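Read the structure below first, then the notes.
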Amino acid sequence: MHAFEYHRPASSKDAVSLVSKKPEGRYLAGGQSLVQAMKLRLSSPSDLIDLSALKDLTGIRTSGSTVEIGAMARHAEVAGSAEVKKAIPALAALAGTIGDRQVRHMGTLGGSLANDDPAADYPAAALGLGATIHTNKRKIEADKFFKGLYETALEPGELITSVSFPVPKRAAYMKFKNPASRFAMVGVFVADFGGKARVAVTGAGPSVFRQAEMEKALSAKFAPDSVAGIKVKPDGLNSDLHASPEYRAHLITVMARRAVEAALK
Amino acid sequence: MSTSLIGARVQRKEDYRFLTGAGQYTDDVELPHQSYAAFVRSPHAHAVLKKVNIEKAKKAPGVLAVYTGTDLANAKVGGLPCGWLITDVKGQPMKEPPYPPLAQGKVRHVGERVAVVIAETLAQARDAAELVEVDYQVLPAVVDAAKASKGPKLHDIAPDNTCYVWALGDKAAVDAAFAKAAHVTRLDLVNNRLIPNAIEPRSANAVYSRAGDDYTLYVASQNPHVERLLMTAFVLGLPESKVRVVAPDVGGGFGSKIYLYPEDVVVTWASKQLNRAVKWTAERSESFLSDAHGRDHVTTAELALDKDGKFLAMRVQTTANLGAYLSTFASCIPTILYATLLAGQYTTPLIYCEVTSVFTNTAPVDAYRGAGRPEATYVVERLVETAAREMKLDPVEIRRRNFIRQFPYQTPVALQYDTGDYDATLDAVLKLADVAGFPSRKQQSLKSGKLRGIGYACYIEACGIAPSNVAGSLGARAGLFEAGEIRVHPTGTVTVFTGSHSHGQGHETTFAQVVAERLGLPMEAVEIVHGDTSKVLFGMGTYGSRSIAVGGTAIVKALDKIVAKGKKIAAHLMEAAESDIEYDKGVFKVAGTDKKKMFGEVAFAAYVPHNYPLDKLEPGLNENAFYDPANFTFPAGSYVCEVEVDKETGATTIAAFTAVDDFGRIINPMIVEGQVHGGLAQGIGQALTEGCRYEDSGQLVTGSFLDYCIPRAGDVPSFKLDTRETACTHNPLGVKGCGEAGAIGAPAAVMNAITDALGVKDLPMPATAQTVWRSMHKAA
Ligand SMILES: Cc1cc2nc3c(=O)[nH]c(=O)nc-3n(C[C@H](O)[C@H](O)[C@H](O)COP(=O)(O)OP(=O)(O)OC[C@H]3O[C@@H](n4cnc5c(N)ncnc54)[C@H](O)[C@@H]3O)c2cc1C
């Protein structure tokens, strides 16, 4: 790790203004991705602007049709939240599959979305539920947020403040874990909004993506059989030590069908 | 003291210290005038070092020195020695290329050390290390054992990258037996390369004292005396008396900390150059790149059988990957500790094994938990199970038809088993695993979309490699005895010094149980000291499950001397004949009378010799012993594994694992179970999750825990364990050793179960979900 300056601003305004003055500065949320990269000397920010004192980035609020979660909500908080469990149990369950206990008590929703790791879990929920990402400047639809490998619509210095998740009729997330990292080798989030279904796939491509054919079939009939026969094309899917594109393509179908089964349970 | 401490589940004495963070590991040792080292490592697998420019690094803040291979060569620092000379099939010595601590002229694997930067702080050392400019001329690389002989040459001394071709057994007789066989089973097997990953990374902290012109090296090592011997005699050219090696608390080794490593040499040498304490602790990434790896065999194995499934002969051809350089014991692992185990538990009368060991552009390979014996067991037990399937015999029945039942038994591959009862462990495991209930469990699994399979492994292990003279005739360049010393203090408490080393095994408890039981003292009166060359008289260290069988026996021998001297003293004190003195449970008695002296009274008399036969007997009560075993010990056992395979994804889980082992006499069953659990987890890891992978270019793909998968608790089931006991015939405790068994027996049991579930002949390890899915896909 290289040396850096540490800041702990008390308000979002201060945080944003600090970052604007430090072109090589970065926000620090749970540090579960950023600090690893710094230790490996893959990332060497000049300044770390710690978001942990920002009260306005915390909290979980439910209002009928949406659940709004602060960017600094830790994974464990979401996993254990009675409100989230009641409104969108699939979201709480997803948060509970992230990393290990220690990681879940440090890592945050905002950090996970801003980082946009191709194998991260939260992006599947954000895209699968059609969430809205609130920043210090604007609101960004999930459909327009994830741009590619570790790339989002965030502008330099833009701060995620919270995320609103629409409450579906039913939803579920099925994660086939990478045996080593326990990130998603393939994770599929399905959501049924009553005649309109969304399917988001993480871990399989350069960034999270929607699966149109499955969405169409599930919108017509939200049942396991609707997706069980859909063969996903391996083109463009990730290839690594653990899974070939063909294997990932196969797993997308299996995980999608299992997710629908789980959602219907 | 009424119940015996031998066989008791005594809580581990060391755990309080470990669990409360009071353990003292090498990295915890901070010395006055401490400085810190960072190594510049090659990013290339094979390259000529055209230029190493250290000027910028030398000027960086806090930097005390930057050294390269040239500096070490100029200072006449030698290369690292190999501790075992293998003589090849033509009677020629193996090829021993130089292994300089810092690269000279060329680098031969990713992670090889090119330079070292020593600075006031660790951060400064690491920052400056980035400023070392190395001009590499990249060469083509070879990483696969099977391709090595045709690959680019690593060392001038070995033009075809072959270290040796070695063989054991009567080839002509074996070939003749194959020609007459009713059935031949053949398997092409790969024993996957593993990366050890002890929880504590390697670490070394050396300090030079001008006052004594001597060095102290704290190092995470499994055998400090061997480390000292190799470093002083072969590398630094110093008398042993000038180097003290301390291996304090060590957080696991699994073999990877047996060896003398370049970093240890460099910090020790540099400590004198700088007159500073120099510390280096590996980052996890460095561990992946530069700790000695394990296994990595490519094998063709054949078993010849008669029509009734009796084994007639075995023929094995193995290519073993030694990596880029010869690590300390690399050469003996795929030979002496592998081919000699190919008889397994069976009466196979003829065995021939030929081993070609090769250099490749990968990290050196050496002993890793089991060391040769897991590879041998994998060959034997995969062959046996496959033969049973091919001949439509029950895999249990085929084993029974071939078990050795008469002991001592001379195998055709040099070893002589002293004792065992293979039916006993097999019978017990069949019951404990409820093998009879397997068909119904299989049906049950099918209902939830899972294929269930069952697999067996009956392993044999040779522990406590011995005797020294035989090992010597086979090429060992070291003795294989152990030393122990008993120091009785004037008040009757005891300090025991052992040349064994504990890095997780619990010696401080097990050895204390032996001593306390033998002397009839409470556990608290016995302290075990190990790991410091200036305290312990000598030691060969801990590996090959040798601690209790060899180290424990040395202690028992010294205890016998203590009791013998104690009797002399007691006889004097009680004015009785020495031959009338009996010693029992801490009391010296005159036979047939009620006269007695407590152990503490006798000890006190030895140190305050007022009433003492000074004319005939030296004062004091302190004895030591060196013990060189007459033979290996031969633990053996039977394992049964049941797996469930998800038909859709290929994901495989261990549904049940049952192990019945014969470790001879057991001192502490709780500690033994812990050893078996750990060994099984590592064996299951090899079979299901762990596989070191290099790209063809020589880059390590599995260079972190993001890609290299060691099993977690959730990956292994709750093990069902039991033991059977045939006491070792040639040591006084009747013990055999238990440290490696699980890792030796498990891979074959797991792979036999998976191939049973899938109905395929073979599958490569690790059987990851993708591998299993592909196999089903092909079959479908
Ligand atoms: C051992 C381990 C296992 C893991 N397993 C999983 C897993 O199974 N699934 C999974 O999804 N993830 C996993 N993670 C990653 C974990 O979830 C991280 O917490 C997450 O990816 C990043 O969140 P963070 O709060 O730690 O962000 P940080 O590491 O602090 O920051 C990450 C990036 O986001 C930026 N950032 C942070 N907050 C904001 C904000 N509010 N606005 C704008 N930018 C911001 C930072 O500047 C940085 O660039 C694992 C991590 C570890 C260490």
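The values are calculated or read from the model by the stated rules, or taken from the named source; none is laboratory data. All values reported here derive from a predicted model rather than from experimental measurement. Please note: Cβ atoms are built from the backbone with ideal geometry, for glycine as well, and neighbour counts cover all protein chains shown.
Scoring residue A:240 on the criteria (1) more than 16 Å from the ligand (Cβ to nearest atom); (2) farther than 22 Å from residue A:144 by Cα; (3) surrounded by fewer than 17 Cβ atoms within 10 Å (Cβ to Cβ) leaves a single failure, condition (1).
Answer yes or no as to whether residue B:197 is in contact with a strand residue (DSSP E or B) (Cβ under 6 Å, 6 or more places away or on another chain) and not aromatic (Phe, Trp, Tyr). Even if it seems obvious, please write down each step before you answer.
Working: in contact with a strand residue (DSSP E or B) (Cβ under 6 Å, 6 or more places away or on another chain): no; not aromatic (Phe, Trp, Tyr): yes.
Considered against the rule, which asks whether it is in contact with a strand residue (DSSP E or B) (Cβ under 6 Å, 6 or more places away or on another chain) and not aromatic (Phe, Trp, Tyr), residue B:197 comes out as no.
For region B:645-678, filtering for residues that are more than 14 Å from residue B:452 (Cβ to Cβ) and within 14 Å of chain A (Cβ to nearest Cβ) leaves 3. Step by step: first the residues of region A:1-16, then only those that are assigned to a helix (DSSP H, G or I) and out of contact with any helix residue (DSSP H, G or I) (no Cβ under 6 Å at 6 or more places or on another chain), then the one that is nearest to the other protein chains (Cβ to nearest Cβ). Which residue is that? Filtering first and then ranking leaves A:15. If you go through region B:29-57, how many residues are in contact (Cβ under 8 Å) with a residue 60 or more places away in the chain and assigned to a helix (DSSP H, G or I)? Residues that pass the stated criteria total 2. Residues that are part of a helix (DSSP H, G or I) and more than 10 Å from the ligand (Cβ to nearest atom) were ranked within region A:17-29; the one that is nearest to residue A:106 (Cα to Cα) is A:18. Scoring residue A:171 on the criteria (1) within 14 Å of the chain's Cα centre (by Cα); (2) within 23 Å of residue A:83 (Cα to Cα) leaves a single failure, condition (1).
Given the criteria over 10 Å from the mean Cα position of the chain (by Cα), crowded, with 21+ Cβ neighbours inside 10 Å, part of a helix (DSSP H, G or I) and modelled with pLDDT of 95 or more, does residue A:79 qualify? For residue A:79, the condition - over 10 Å from the mean Cα position of the chain (by Cα), crowded, with 21+ Cβ neighbours inside 10 Å, part of a helix (DSSP H, G or I) and modelled with pLDDT of 95 or more - is not met. One residue is enough: does region A:248-257 have a residue meeting the conditions within 14 Å of chain B (Cβ to nearest Cβ), within 21 Å of residue A:92 (Cβ to Cβ) and more than 16 Å from the ligand (Cβ to nearest atom)? Yes - at least one qualifying residue is present in region A:248-257. Scanning for something within 14 Å of chain B (Cβ to nearest Cβ), surrounded by fewer than 20 Cβ atoms within 10 Å (Cβ to Cβ) and not in a loop (DSSP other than H, G, I, E, B), does region A:39-48 turn up at least one residue? Yes: region A:39-48 contains one or more residues that are within 14 Å of chain B (Cβ to nearest Cβ), surrounded by fewer than 20 Cβ atoms within 10 Å (Cβ to Cβ) and not in a loop (DSSP other than H, G, I, E, B).
Matching residues to (1) surrounded by fewer than 20 Cβ atoms within 10 Å (Cβ to Cβ); (2) assigned to a helix (DSSP H, G or I); (3) touching a Gly at 6+ places or on another chain (Cβ under 6 Å):
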site: B:465; (1), (2), (3): no, no, yes
site: B:469; (1), (2), (3): yes, yes, no
site: B:478; (1), (2), (3): yes, no, yes
site: B:513; (1), (2), (3): no, yes, no
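Candidates are the residues of region B:645-667 that are surrounded by fewer than 24 Cβ atoms within 10 Å (Cβ to Cβ) and of a type outside the set (Val, Ile, Thr); the one that is farthest from residue A:174 (Cα to Cα) is B:665. Scanning region B:516-533 for residues that are part of a helix (DSSP H, G or I), in contact (Cβ under 8 Å) with a residue 24 or more places away in the chain and not aliphatic (A, V, I, L, M) turns up B:517, B:518.
Checked against the criterion of being within 14 Å of chain A (Cβ to nearest Cβ) and surrounded by fewer than 24 Cβ atoms within 10 Å (Cβ to Cβ), region B:680-689 contains one or more residues that satisfy it. For region B:728-780, taking the residues that are within 14 Å of another protein chain (Cβ to nearest Cβ) and under 27 Å from residue B:394 (Cβ atoms), the one that is modelled with the lowest pLDDT is identified as B:776. Residues in region B:557-592 that are touching a residue at least 12 places away in the same chain (Cβ under 8 Å) and either hydroxyl-bearing (Ser, Thr, Tyr) or assigned to a loop (DSSP other than H, G, I, E, B) (or both): B:574, B:576, B:583, B:585, B:586, B:592.
Among the listed residues A:36, A:32, identify the single one that is part of a loop (DSSP other than H, G, I, E, B) and either touching a Cys at 6+ places or on another chain (Cβ under 6 Å) or within 8 Å of the ligand (Cβ to nearest atom) (or both).
Working: A:36 fails: part of a loop (DSSP other than H, G, I, E, B).
Result of the check over A:36, A:32: A:32.
Are any of the residues in region B:55-71 surrounded by fewer than 16 Cβ atoms within 10 Å (Cβ to Cβ) and at positive phi? No; the residues of region B:55-71 include none that is surrounded by fewer than 16 Cβ atoms within 10 Å (Cβ to Cβ) and at positive phi. Cβ-Cβ distances below 7 Å connect the following pairs, each with a first residue in region A:80-103 that is touching a residue at least 12 places away in the same chain (Cβ under 8 Å), a second residue that is of a type in the set (Lys, Arg) and within 9 Å of the ligand (Cβ to nearest atom), and a separation of six or more residues or different chains: A:97/A:175; A:98/A:104; A:99/A:182.
Within region B:472-492, being among the polar types (S, T, N, Q) and in the same structural domain as residue B:549 (by TED's automatic domain parsing) holds for one residue alone: B:491.
Kindly list the number of the only condition in (1) within 26 Å of residue B:6 (Cβ to Cβ); (2) of a type in the set (D, E, K, R); (3) surrounded by fewer than 19 Cβ atoms within 10 Å (Cβ to Cβ) that fails for residue B:696. Every listed condition holds for residue B:696 apart from (1). Determine if region B:691-709 includes at least one residue that is closer than 30 Å to residue B:436 by Cβ and touching a helix residue (DSSP H, G or I) at 6+ places or on another chain (Cβ under 7 Å). There is no residue in region B:691-709 that is closer than 30 Å to residue B:436 by Cβ and touching a helix residue (DSSP H, G or I) at 6+ places or on another chain (Cβ under 7 Å).
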